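Values in this text are rule-based calculations from the coordinates and carry no lab data. Please read all numbers here as calculations on a predicted model, not as lab measurements. Cβ placement follows ideal geometry from the backbone for every residue including glycine, while neighbour counts extend to all protein chains displayed.
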Amino acid sequence: MAKIYIATNTKGGTGKTTTALHILPTIAYLNGYQDINYYQLDDNNKIDIDSKSISIKNYTLKYTENVIDSVELDIELDSKVVNIIDIGGGNDTKSVLNYLKKSSEIEPNEITFFIPINTNLSQQKNLKDTIALIQDSYSKPKIILILNEVNDIENYKSEFINIFGDEIYGIAPITDEIEQSCYKVIKIKRDNLF
């Protein structure tokens, strides 16, 4: 069975590439995977790293009527390889999800979606939109929400009012939606390394 990790969010600047290139390979390695294919599907980022364990593949998306049809992902369906797909923001997410859904070789249970967000208030709508896009493509998808750049792990809810709400500012929480849609929530502490 293939293993596919997808870092996605319709909003740019949420930490998708940091998640896909630094966090997800670590998760894969800790789960016993030695070989990792990293697919960069973003016209704004190009990754060039010399690694024995991570094979980097950059793709440029063409903005045509059938955007993703012009990209053929050479996803390895070997159970010993993890395929990490880093999807750029905006319409790239929808195009890639449609492409993967049409692929008869990829089973939905082989895919884990990682949605990184930070404390930006505008990300509440993007998070909802991203979850809806995933759920429109897959029934019962495995979604992991990543709270990026958490300053205080113990009091993270007060930082992420875009999810947990704030009575003072009149921001409604979306915790019920998160609990129903996300398999897990991971908190990543702010680190000066990234």
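Compared with the dominant principal axis of the Cα atoms in the chain, helix 123-137 is inclined by about 40°. Once Rg/Rh (Cα atoms, Kirkwood Rh) is calculated for the structure shown, the corresponding label among (i) 1.07; (ii) 0.96; (iii) 1.49 turns out to be (ii). Taking each residue as 0.36 nm, the span from Leu121 to Thr26 lengthens on full extension beyond its C-alpha to C-alpha distance by 31.3 nm. In this label model, Asp50 and Tyr169 are separated by 4.5 nm, measuring between points 7 Å along each Cα→Cβ vector. Pairs exceeding a 25 Å alpha-carbon distance, out of Lys16/Lys157; Lys80/Lys142; Lys16/Lys94; Lys142/Lys187; Lys52/Lys140; Lys94/Lys125: Lys52/Lys140. Axis of helix 91-102 versus longest Cα principal axis of the chain: the two differ by about 50°, to the nearest ten degrees.
Under a Cβ-Cβ cut-off of 13 Å, what is the net charge of the residues other than Asp136 that fall near it, where Lys and Arg count +1 and Asp and Glu count -1? Around Asp136, the surrounding residues sum to +3.
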